[in-house]
Amino acid sequence: MPVTNTTVLITGGAGFIGSNLCEYFLERKYGVVCLDNFSTGFRHNIEHLFSNPDFQLIEGDVRDYAICQKALDGVDYVLHQAALGSVPRSIQDPITSNEVNVSGFLNMLHASKEAGVKRFVYAASSSTYGDSESLPKVEDTIGKPLSPYAITKYVNELYADVFSKTYGMETIGLRYFNVFGRKQNPNGAYAAVIPKFVMQLMQHESPVINGDGNYSRDFTYIDNVLQMNELALTTQNPKAINTVYNTAFGDRTTLNDLIHYLKEYLSEFDSEIKNVQVVHGPNRMGDIPHSLASIEKAKELLEYSPQFSITQGLKEAVKWYWEHLK
Ligand SMILES: NC(=O)c1ccc[n+]([C@@H]2O[C@H](COP(=O)([O-])OP(=O)(O)OC[C@H]3O[C@@H](n4cnc5c(N)ncnc54)[C@H](O)[C@@H]3O)[C@@H](O)[C@H]2O)c1
């Protein structure tokens with residue numbers, strides 16, 4: 001049990017976003033409990049924290065209700081990140097995605113209510129916008145889900161809303177938009193596009209763009225996401241709770257431009273990289289052409305002020321990958 005006064009449980013704390021959250025909240029003198037089953041997260045993301053007396057790791061599965069209860073012992077706040085990410089993974093295996101992302105979520109939500117936590121902040125997703133074509137995406141206007149993953153993330157929002165209304169629980173959902181940055185896993189079939197492209201370029205392999213490269217995304221640097229989590233956890237504005245927020249920078253970048261930036265920034269470390277050619281493949285199932293967040297709601301209610309544009313974030317991320325994984 002961490003020794004400081006305010007303790008936050010970070011589920012999925014060994015993953016990309018979760019491990020950054022663990023570091024961030026420890027630096028701010030919170031006690032941090034990390035619950036993770038290491039299915040897609042890594043011990044190496046958090047092992048430098050093991051010697052910190054304010055950090056506790058509980059290895060376990062959110063599908064196990066007793067583990068959720070155990071992890072909540074002495075906890076004030078929950079940042080629920082544990083889930084199986086990736087649209088293609090959920091198309092491949094919708095049953096397991098549902099078990100982890102829906103049943104696991106409900107376990108954590110219910111156990112948090114029973115434990116009387118002060119607030120439950122959770123990772124929602126821009127995939128909830130589904131087939132809605134409106135741009136920018138505004139929180140109240142969503143379409144139909146385009147993948148099993150999107151369904152699971154939408155169900156999370158529905159449960160959180162009902163728990164707020166039925167049990168008076170404080171919840172906030174953060175709809176993350178294509179987060180990237182240090183410690184995001186570049187390997188495996190379900191790797192996200194930025195770390196995958198960075199690794200391929202560093203190895204002088206041709207990245208494959210699905211489609212013509214004109215699809216665009218609101219790529220969001222991890223530090224903006226950390227800020228949103230802190231604001232969601234600490235806000236005292238009663239109008240700001242029991243709702244969901246786009247968590248993004250609020251600008252969109254095409255895949256072609258993304259490759260251009262990555263080649264430019266990586267070329268500072270290895271000039272050969274600017275000559276690596278890109279290959280185009282077919283469009284991917286479940287992908288929407290464009291995604292762009294309105295961040296007005298977060299600015300107004302949470303006083304969100306993102307500090308990293310995509311290019312600033314990419315420079316940081318590229319440097320990190322070069323120093324750690326080359
Ligand atoms: N990265 C993004 O761009 C993005 C976008 C939208 C939403 N999200 C959501 O953010 C959260 C974190 O995503 P990430 O990118 O850090 O992914 P990640 O795979 O790196 O992290 C997920 C973590 O959850 C853990 N986990 C998975 N199943 C578990 C289980 N049954 N019990 C306990 N732990 C379990 C994994 O081991 C891993 O450490 C997820 O909920 C994801 O759906 C991420």
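Since every read-out is calculated from the coordinates, none of them should be taken as a lab result. What you see is a predicted model, and the numbers here were worked out from it, not measured in a lab. Ideal geometry is used to build each Cβ from the backbone, glycine not excepted, and the neighbour counts take in all protein chains shown.
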#### Entry: Lys299 paired with Asn237, simple spin-label distance in nm, labels 7 Å along Cα-to-beta-carbon
1.2 nm
### Task
List the lysines whose Cα lies under 17 Å from the Cα of Lys297, skipping any in the same chain that are fewer than 8 positions away.
Lys137, Lys239
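Around Leu21, under 13 Å between beta carbons, what's the net of Lys plus Arg minus Asp minus Glu among the other residues? Before the final figure, lay out the partial values.
Numbers: positive: Arg28, Arg182, Lys183; negative: Glu23, Glu27, Asp36, Asp223, Glu230.
Once all neighbours under 13 Å are counted, the net charge is -2.
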### Query
Each residue of region 197-207 in order: what ³J(HN,Hα) in whole Hz does its phi give by Karplus 6.51 cos²θ - 1.76 cosθ + 1.60, θ = phi - 60°, with x for Gly and Pro?
4, 4, 4, 5, 5, 4, 9, 6, 9, 7, x
## Note on the structure
Spelling it out for Thr7: with amide H atoms placed in the peptide plane at 1.01 Å from N, the residues 5 or more places away or on another chain with amide H under 5 Å from its amide H are Gly31, Asp76, Tyr77
#### Entry: From phi via Karplus (6.51, -1.76, 1.60), per-residue ³J(HN,Hα) for region 130-147 in Hz, x at Gly/Pro
x, 8, 5, 9, 5, 9, x, 6, 10, 3, 7, 10, 10, x, 8, x, 10, 7
### Set of aspartates and glutamates near Lys118 by C-alpha distance (under 15 Å), chain-local residues within fewer than 8 positions excluded
Asp73, Asp76, Glu170, Glu230
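Count neighbours as other Cβ atoms within 10 Å of each site's Cβ, and list the GluC sites (Glu not before Pro) in region 63-160 that are DSSP loop with at most 13 such neighbours. Walk me through the intermediate numbers first.
Working: sites: Glu99, Glu114, Glu133, Glu139, Glu157; in loops: Glu133, Glu139.
For GluC sites (Glu not before Pro) across region 63-160 that sit outside H, G, I, E and B with at most 13 neighbouring Cβ atoms in 10 Å, the list reads Glu133.
Could you order peptides 68-79, 141-152, 15-26 by the average number of other Cβ atoms within 10 Å of their residues, highest first? Display every interim value, and only then the final one.
Details: 68-79: 21.2, 141-152: 19.3, 15-26: 24.2.
Sorting 68-79, 141-152, 15-26 by mean packing, highest first, produces 15-26, 68-79, 141-152.
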### Task
Could you list which residues have their amide H under 5 Å from that of Arg175, counting only those 5 or more apart in sequence or on another chain, with H placed in the peptide plane?
Ala124, Tyr245, Asn246, Thr247
### Query
Which cross-chain or sequence-distant (5 or more) residues have an amide H under 5 Å from the amide H of Leu292, H modelled 1.01 Å from N in plane?
Lys137
### Summary
Note, region 172-189: 3J(HN,Hα) by Karplus (6.51, -1.76, 1.60, θ = phi - 60°), whole Hz, Gly/Pro = x, goes 9, x, 10, 7, 5, 10, 5, 6, 9, x, 3, 6, 6, 5, x, 9, x, 5
### Summary
Note to self: C-alpha centroids of region 238-276 and region 68-87 sit apart, in Å, by 27 Å
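Give the shape of the chain as rounded, prolate or oblate, defined through the alpha-carbon gyration tensor: a ≥ b ≥ c are the square roots of its eigenvalues, a/c under 1.5 means rounded, and otherwise the shape is prolate if a/b is larger than b/c and oblate if not. List each step's numbers first, then the result.
Working: a/c = 1.68, a/b = 1.39, b/c = 1.21.
It comes out prolate by the Cα gyration axes.
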